[in-house]
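What follows is calculated from the coordinates using simple rules that are stated; it is not laboratory data. Keep in mind it's a predicted model, so treat the numbers as computed, not measured. So basically every Cβ, Gly included, is an ideal-geometry build from the backbone, and we count neighbours across all protein chains shown.
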């Protein structure tokens, strides 16, 4: 899994996207979670060797 700056993290699986966000101290509305060309919701469960990308969302008002 990568987080904007190409940091790589590993987690014991299965694990939900929501649990990953909590462990990395992200609020769900602060980021987009992407796997391939799909956006993932918090309830999606990841299995062994699945890679996701977490992109920070910015609002300029």
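Springs between Cα atoms under 10 Å define the GNM used for the chain, and in it the highest mean-square fluctuation of 33, 17, 45 occurs at 45. Averaging the Cα positions of each part gives two centres, and for the stretch 5-37 and the stretch 47-61 these lie 6 Å apart. Computed over the chain, the quotient of the alpha carbon radius of gyration and 2.2 N^0.38 Å is 1.06. Comparing 46, 24, 32 in a Gaussian network model of the chain, where Cα atoms under 10 Å apart are tied by springs, the biggest mean-square fluctuation is seen for 24. A Förster distance of 25 Å, applied to the separation of the beta-carbon atoms of residue 11 and residue 32, puts the FRET efficiency at 0.85.
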